[in-house]
Every structure is written in structure tokens, then in C-alpha cells.
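See below for the structure under consideration.
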Amino acid sequence: MFGITSKTGQLLHQDHLNTIATLQKMEEFLVKQTSKRPPDLADEALRRLIKDLATGIDDEITRHFGFEEGHLFPALAEAGESGMTDFLMSEHATIRPIAQDIGRRSREALEKGFTPESWAEYHTIGMEMIEREVFHIQKEEMGLLAAVNALIDADTDAKLSMIFAGA
Amino acid sequence: MFPVDPSQNARGRLLPPSVPFRFFATAMVFQIVAWAVLAVYAGDTVGGISWGVLAALHLITLGVLAMTAIGATYQLLPVATKRPVRSPLLCTLTYWLLTPGVLLLIGGLLGGQGMVAALGGALAGAALSLYLILLVDNLLNVKEMPVVIVHIWGAAAALLATIGLGIALALNLGLGYLPDRAGLLQAHALLATYGFMGMMSMGLSHVLIPMFALAPAAETRPNLIGAGLAMAALLLAGLGSVLHLDALVALAALLGLAVAAIYGRAMVGIVKKRMRKQLGFFFTHLRLAWILLPASLAAGLLALAGLLGERGPLIFGFLLVFGWLLTFLTGTLSRIMPFLASMHTVSQSGRTPLLSALMAERPLRIQFGLHLGALLLVLGGLAGGWADVIRLGALLGIGGAVALAGYGIELWRRCLAHIRSA
């Protein structure tokens with residue numbers, strides 16, 4: 001990713017950093033735990049990790065995706081960049097139900113714990129969500145933030161960054 | 001200058017997959033052929049540079065490196081510059097000039113048919129000229145990403161000189177009008193490898209490595225200085241070669257080592273600051289390539305001083321072309337193919353595939369092991385003057401190239417399976 005000159009780009013980038021940090025921790029845990037061994041949810045650190053994942057991913061698909069789809073992508077489309085935003089929207093549409101599913105399963109697990117079956121499913125869906133979301137962020141960091149730098153003027157940038165900060 | 005092709009993919013700067021992938025697939029086939037030619041002509045290498053060796057080198061430089069670089073930049077550069085390529089049809093035309101050009105050039109070199117080689121060289125020159133025009137057209141007025149853009153401008157300038165010298169040398173094969181071609185050959189070789197391919201590889205590294213590692217880009221100022229030094233080194237290398245001034249070529253190699261240090265520092269910095277902890281197996285290729293770049297320059301200096309014996313220039317050329325550039329391009333190709341394929345592969349329910357589901361790591365691991373073995377054996381064989389060791393190395397190289405093709409075929413199969421899935 002290159003020098004991010006726009007305020008909106010910087011805020012989106014910070015969001016990406018936070019999301020990646022949570023996803024990295026979750027990925028390391030899932031790989032170490034394997035799909036065959038349900039974890040013990042009496043472990044406070046693990047409960048916090050699952051809670052952080054559920055909260056973080058919920059924030060990503062509502063606030064972050066919502067801002068992009070409702071404000072940023074239309075502004076970029078107006079500036080002539082609709083090809084990339086259409087593609088990123090289609091990725092949002094793929095990620096959103098998987099993220100909602102993992103959020104629901106996380107909350108259920110925090111209440112009831114995992115069975116071997118529910119853990120195996122959680123592991124599979126969790127790994128898929130992490131991979132899709134990381135790949136999506138890679139594309140946004142390379143293409144979207146560069147497009148924001150290049151195509152969004154200072155006034156629009158100021159307006160968009162205020163909307164995003166207040167979202 | 002060019003008509004904008006209305007058939008361009010609705011996703012704007014994403015070209016139809018047939019455009020980049022025809023280059024990638026052909027490059028994988030040519031790599032197998034290149035190692036096979038080296039295996040057949042291994043005996044000739046002991047005596048120095050021969051037609052067979054020249055054919056193997058051009059199969060890699062034109063058939064694999066340029067072929068991959070053209071396919072990759074046609075697709076990736078417009079994404080980075082935010083300017084669509086003028087016409088996918090002209091991109092495809094580049095392919096249809098380059099591929100027969102390589103085949104004729106290689107056939108002419110191996111068959112001792114000067115006119116056939118000259119025709120092949122001219123066709124390849126036409127392909128590269130068309131590519132150069134499209135490349136420059138895409139770079140004009142781009143002000144973002146100065147490090148990347150300056151490197152690619154350097155690559156474009158080196159390509160212009162490479163094409164001019166290459167066509168002159170190829171035509172000389174048929175017409176024999178050059179009284180002294182040794183200096184021109186050396187200039188052509190250095191500008192094509194360190195110039196066009198090297199500057200392009202370094203420039204694209206500044207886009208691709210931060211993206212794959214999810215890391216901030218390297219600092220602008222030192223890397224712009226690095227690009228400037230690289231261009232100065234290329235100028236010195238070209239002049240030194242043409243004027244037969246070894247001191248200038250040696251100075252160019254020393255500057256090149258400084259460039260390699262700046263570039264290496266930038267790459268290590270990016271990897272250290274990465275957000276993505278798991279980098280993937282292709283980074284093994286890249287790490288090896290980052291070591292082989294300064295190794296090739298050091299070998300060049302030693303060869304220039306006559307410290308590597310009569311096969312010194314071959315050892316240097318092999319480290320540079322089969323070592324640094326081929327290793328780097330192979331690693332990059334193994335990552336950008338699934339990356340691009342995933343963007344074109346949608347199931348019936350509208351889902352794109354997981355990257356991990358497209359990438360078959362086993363063939364890639366096999367490829368790397370065989371490629372490393374091939375490099376070590378051929379280098380050892382060249383150093384000792386043992387043709388059988390060189391041939392064995394080349395056979396391992398064939399195995400590695402076949403494994404890479406297997407990786408590509410498996411990627412293709414998995415994409416088709418995903419498209420057919422619900």
C-alpha cells in the first residue's frame with residue numbers, strides 16, 4: 001500500500017489494520033486448535049478472542065461495508081471508477097452472509113459452548129471467512145485506497161471522512 | 001492514438017482472462033523447452049557460449065521472462081496506474097507476434113539458419129515494440145507511486161535500447177554486416193536482463209510485495225535514489241560494453257550492487273512490517289531471488305576480472321537469467337495466476353473461489369526443490385567443466401518446469417470445477 005494522502009483512506013486503512021489484527025489472532029488459534037479438538041470456553045482469553053471476532057466482524061460488515069457501499073463507492077462511481085467498486089461490492093455480498101454466520105455461531109458458542117460437530121463447522125467457516133476477508137482487504141489496500149487518493153477531491157474527502165468517523 | 005476496444009471487460013481495468021493467461025501458459029511451456037535445449041546442448045557449454053546456449057538463454061529471456069512480464073504488466077499495471085490498457089486486441093496481437101518470433105529465432109539459432117533467426121528476431125522485436133508503446137501510453141501522466149513508475153520508465157528505456165540492439169544483431173545473423181558484434185551483444189544482454197527485466201521486476205516488487213504481505217510501501221526517497229543509480233549503472237554498462245571499456249562495466253556492476261542493497265533493504269523492510277503473518281510458499285522463491293541478484297553481480301565482477309575461468313561469462317549469465325530472474329518470475333507467476341484467476345472465476349451462485357482452494361502447493365514445492373537442484377548442478381557443472389553434471393541439472397530443470405506447468409494445469413482444473421459448482 002502506498003502513501004495514503006486522503007483522510008478517508010487513512011481511516012479505512014486504520015479499520016483494515018484493526019480487522020487484520022483480530023483475524024490474524026483468530027487464524028493462529030484455529031490452525032493451532034485444529035478442527036478436531038473443540039476448545040474449552042472456560043478459558044477467559046479464548047472467550048475474549050471469540051467475542052472480539054464477533055464484534056469486530058459485525059462492525060466490519062455493518063459500519064465499514066455500509067460506509068463504502070452507501071457513500072464511498074457512489075462517490076468513486078461519480079468520479080468514473082465503477083468497475084472496481086462493482087467488484088468489491090460483489091465481494092461484500094459473498095463475505096457478508098459468512099461473517100453473519102460466524103458472528104451468530106460465536107455468540108451461541110459463548111452461551112452454550114462447542115460440540116465436536118459445531119466446532120468443526122465453526123472452524124471451517126471461520127477459516128473461509130478469514131481468507132476471504134484478508135484477500136478482500138489486500139485488494140482494497142492496493143486498489144481502493146489508491147483510487148481514493150487519486151479520484152476523490154479534498155472537499156469530498158473531508159465530507160466522507162466526517163461521515164465515516166461518525167458512523 | 002489507439003481505439004478503445006468496446007469489448008473491454010465491464011470491470012474496467014480487468015482484462016479478459018484469455019489475455020494475460022495465454023502469456024503465462026506459453027511461458028510455462030517455453031521454460032520446459034529451454035531446459036530441454038540446455039540438456040541437449042550441455043556438451044557445448046563446456047566450450048563457452050554456443051548457438052545452443054544462446055537458444056536456451058533466449059527461450060528464457062524472451063519466451064519465459066518477457067512473456068510473463070508482458071502478460072503481468074498488461075493486467076497489473078493498469079490497476080496500479082488506474083488507467084485502462086488501450087486495447088486488449090493489441091495486447092493479444094503482441095502475443096501473436098512474440099510467440100512465432102521466439103519459435104523462429106530459436107529454430108534459426110539451433111538449425112544454423114541465419115535468415116530464419118533474423119525473421120524471428122524481427123517479429124519478437126515488433127512484439128516488444130508494440131508492448132513498449134502500450135506500456136508508455138499507460139505510464140504517461142501517472143503521478144502516483146513514483147518509485148514504481150520511475151522503475152518502469154527505466155525498464156521501458158532499457159527495452160527500447162534492447163529492441164534496437166536485438167534487431168540489429170538478429171538481422172546481422174542473416175546479413176552479416178556488423179564487423180564487431182561482441183560489444184553490442186554484451187550491451188544487448190545487460191540492458192535486456194538488468195535493464196528491462198530487472199527494472200521491471202524491482203518496480204513491480206514495490207506494488208506486489210506490499211500487497212501480498214499487507215505491508216506499507218517502502219520509503220520513497222531511498223528507492224528513487226536506487227532507481228537513479230540503477231539507470232546510471234545501465235548507461236555505464238551499455239557504454240562500457242559498446243566501447244569495450246571493462247572499467248566502465250565494472251563500475252556499473254559496483255553501482256548495481258549498491259542498487260541491490262537498497263532494493264534488498266526495501267524488500268526486507270516490507271516483509272518485517274507486514275500485517276499478514278503467513279506469506280505463502282511463493283515467498284521462498286522471492287527470498288532466493290533476492291539473494292541471487294547480488295550474487296549475479298558479484299559473479300559478473302569476478303568474470304570481468306577473469307577470476308571465473310573461461311566459462312566465467314556463462315556462470316554469470318546463468319546466475320542472472322536462470323537464477324535471479326527466472327526464480328523471481330516463477331515465484332511471482334505462481335502467486336499472480338491464482339490471484340487473477342480468482343477474480344474471473346465465479347460459481348453459478350455468484351461466489352468467487354477461495355485462493356487456497358485454487359492453489360496446489362505440492363507441485364510448487366516440488367518445482368522449487370527441482371529448480372534449486374538444477375541451479376546448483378548447472379553452476380557446479382559450469383565451474384568444473386563437467387557436461388554430464390550440467391545435463392543432469394538441466395534434466396532437473398525440466399522436472400521443475402513440468403511441475404510448474406502441473407501447478408498451472410491444476411489451477412485451471414480447479415477454476416473450471418468452481419465455475420461448474422452450484
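Among the residues of region B:50-59, are any over 20 Å from the mean Cα position of the chain (by Cα) and in a loop (DSSP other than H, G, I, E, B)?
There is at least one residue in region B:50-59 that is over 20 Å from the mean Cα position of the chain (by Cα) and in a loop (DSSP other than H, G, I, E, B).
Mind telling me which of the residues B:Ile291, B:Ile270 ends up being more than 27 Å from B:Leu416 (Cα to Cα) and within 14 Å of chain A (Cβ to nearest Cβ)?
Values: B:Ile291 fails: within 14 Å of chain A (Cβ to nearest Cβ).
Result of the check over B:Ile291, B:Ile270: B:Ile270.
B:Met267 is checked against (1) open to solvent by 30 Å² or more (accessible area, probe 1.4 Å); (2) assigned to a helix (DSSP H, G or I); (3) of a type outside the set (Gly, Ala, Ser) and fails just one. What number does that condition carry?
Condition (1) is where B:Met267 drops out.
For region B:413-422, which residues satisfy the criterion of being open to solvent by 70 Å² or more (accessible area, probe 1.4 Å) and either hydroxyl-bearing (Ser, Thr, Tyr) or without any contact (Cβ under 8 Å) to a residue 24 or more places away in the chain (or both)?
The answer is B:Arg413, and nothing else.
Would you confirm whether any residue within region A:17-28 is of a type in the set (A, V, I, L, M, F, W, C) and open to solvent by 40 Å² or more (accessible area, probe 1.4 Å)?
yes
Quick check on this structure: which one of B:Leu204, B:Leu235 is open to solvent by 10 Å² or more (accessible area, probe 1.4 Å), within 13 Å of chain A (Cβ to nearest Cβ) and more than 22 Å from B:Leu302 (Cβ to Cβ)?
On inspection, the qualifying residue turns out to be B:Leu204.
What number goes with the only condition from (1) open to solvent by less than 10 Å² (accessible area, probe 1.4 Å); (2) assigned to a helix (DSSP H, G or I); (3) within 13 Å of another protein chain (Cβ to nearest Cβ) that B:Ala215 does not pass?
All conditions pass for B:Ala215, except number (2).
Tally time: how many residues in region A:68-121 are open to solvent by 40 Å² or more (accessible area, probe 1.4 Å) and of a type outside the set (D, E, K, R)?
Total meeting the criteria: 14.
Hey, does region A:139-154 have a residue that's open to solvent by 40 Å² or more (accessible area, probe 1.4 Å), away from every other protein chain (no Cβ under 11 Å) and part of a helix (DSSP H, G or I)?
Yes, there is a match, as at least one residue in region A:139-154 is open to solvent by 40 Å² or more (accessible area, probe 1.4 Å), away from every other protein chain (no Cβ under 11 Å) and part of a helix (DSSP H, G or I).
Checking the conditions here, which among A:Met84, A:Met89 is among the hydrophobic types (A, V, I, L, M, F, W, C) and touching a Leu at 6+ places or on another chain (Cβ under 9 Å)?
A:Met84
Out of (1) modelled with pLDDT of 90 or more; (2) touching a Ser or Thr at 6+ places or on another chain (Cβ under 6 Å); (3) open to solvent by 30 Å² or more (accessible area, probe 1.4 Å), the odd one out for A:Arg47 is which?
A:Arg47 satisfies all of (1) modelled with pLDDT of 90 or more; (2) touching a Ser or Thr at 6+ places or on another chain (Cβ under 6 Å); (3) open to solvent by 30 Å² or more (accessible area, probe 1.4 Å) except (2).
Considering only residues that are over 18 Å from the mean Cα position of the chain (by Cα) and of a type in the set (S, T, N, Q), look in region B:132-164 and name the one that is nearest to B:Pro78 (Cα to Cα).
Among them, the one singled out is B:Asn138.
Of everything in region B:120-162, what is aliphatic (A, V, I, L, M), open to solvent by 10 Å² or more (accessible area, probe 1.4 Å) and more than 14 Å from chain A (Cβ to nearest Cβ)? Give them in sequence order.
B:Ala122, B:Leu123, B:Ala126, B:Leu128, B:Leu130, B:Leu132, B:Ile133, B:Val136, B:Leu140, B:Ala157, B:Leu160, B:Ala161
I need the helices (runs of 4 or more DSSP H) fully contained in region B:307-409, keeping only those with at least 3 residues that are open to solvent by less than 10 Å² (accessible area, probe 1.4 Å).
B:326-344, B:361-384
The values are calculated or read from the model by the stated rules, or taken from the named source; none is laboratory data. In this text the structure is predicted, and so the values were computed from the model without any measurement. Backbone-built Cβ (ideal geometry, glycine too); neighbour counts: all protein chains shown. All accessible areas refer to the heavy atoms of the entire protein, side chains included, with ligands and DNA or RNA removed. Shrake-Rupley method; radii C 1.70, N 1.55, O 1.52, S 1.80 Å.
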